[in-house]
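First up is the structure itself, then whatever we jot down about it.
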Amino acid sequence: MILTYKVKHHRDFSDELSKAKQVAQYVVEHHPHSAKFSSKDVKHFGLKSVISNQIVRKYGRNRNIKRVNKVKLTIPNQGIQYDPVTQIIKITSLKLELKHEIPIYFDTINQIEVDNEYLYVSVTHKENSEYEATEWLGVDRNTTGHVAVVASTDTGKIMKLGKSGQHIHEKYKHIRKNLQKIGKYRKVKQLKNRESRIVRDINHKISKKIVDNAYENGYGIKLEELKGIRN
């Protein structure tokens, strides 16, 4: 299964996007000869060959395009480095390195398209076979002091996850309150966005740990309504 996710990148790629549009327009205007095109033919625009090659292929093959409006920067799989441990995506041609915010796990990154706001990350997921759960993980969310408390009906083992969540919330709440008093509203908004990213990362790691535990042991997952779970 192939899915595409939007990831905010906070970088200005207007120069690269302008060059990409020039490359695309050049290819469209020279359609009769585009079958012979390669990145060498458009290198004078100054765009990295790994990106210009994708534009040449896309616009060179479609003879119906007469005018170019918007062009994204397309980076193929071979131009992408991904570390599944740190969850960091690197695109050397754009000097871009960021931690992804994709909510579920994937096997490979097929390609990434880039505009001035987002990465559009195309990934492939394995189709995991379904199984009939005989035991369960009971998950109680937003408990006192933790994001989630997880209990196994099989072993009775309890995991308390996300202890730092409440501390982070209180920390940023206190900082924002002080900034609001002195009228630093722009800084307040920045801190709120930073807190959201930190909390999103914590939640992602917690959900990963719960799902991995369930899948490895053949458990099902039951949230909140835990009455009668042992039956």
>> Just to be sure I understand the filter: pairs with C-beta atoms under 8 Å, separated by 6 or more residues or on different chains, first member in the range 186-210 and acidic (Asp, Glu), second member surrounded by 14 or more Cβ atoms within 10 Å (Cβ to Cβ) and assigned to a helix (DSSP H, G or I). Which pairs pass?
In response: 195/168; 195/172
> Can you tell which of 108, 74 is under 17 Å from the mean Cα position of the chain (by Cα), buried (at least 16 other Cβ atoms within 10 Å of the Cβ) and of a type outside the set (Asp, Glu)?
Replying inline: 74
> Within the range 173-197, can you find the residues that are outside any helix (DSSP H, G or I) and exposed (fewer than 12 other Cβ atoms within 10 Å of the Cβ)?
Replying inline: 182, 183
> How about the range 77-97: which of its residues are open to solvent by 60 Å² or more (accessible area, probe 1.4 Å) and more than 16 Å from the chain's Cα centre (by Cα)?
Replying inline: 78, 92, 95
> Of (1) open to solvent by 20 Å² or more (accessible area, probe 1.4 Å); (2) in a strand (DSSP E or B); (3) farther than 14 Å from residue 16 by Cα, residue 66 satisfies all except one. Which?
Replying inline: (2)
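This table checks each residue for (1) closer than 23 Å to residue 4 by Cα; (2) touching a Leu at 6+ places or on another chain (Cβ under 9 Å).
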residue: 59; (1), (2): yes, no
residue: 65; (1), (2): no, no
residue: 72; (1), (2): yes, yes
residue: 78; (1), (2): yes, no
residue: 91; (1), (2): yes, yes
residue: 119; (1), (2): yes, yes
residue: 124; (1), (2): yes, yes
> Could we say that residue 113 is outside any loop (DSSP other than H, G, I, E, B), open to solvent by 90 Å² or more (accessible area, probe 1.4 Å), closer than 24 Å to residue 12 by Cβ and acidic (Asp, Glu) here?
Replying inline: no
> Of the residues 59, 5, which single one is at pLDDT below 85 and either touching a Ser or Thr at 6+ places or on another chain (Cβ under 9 Å) or of a type outside the set (Ser, Thr, Tyr) (or both)?
Replying inline: 59
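The values are calculated or read from the model by the stated rules, or taken from the named source; none is laboratory data. If you're wondering where the values come from, they're calculated on a predicted model, not measured in any experiment. FYI the Cβ positions are ideal-geometry reconstructions off the backbone, even for glycines, and counts take in every protein chain you see. Just the protein is used for accessible areas: all its heavy atoms, side chains included, with ligands, DNA and RNA removed. Shrake-Rupley method; radii C 1.70, N 1.55, O 1.52, S 1.80 Å.
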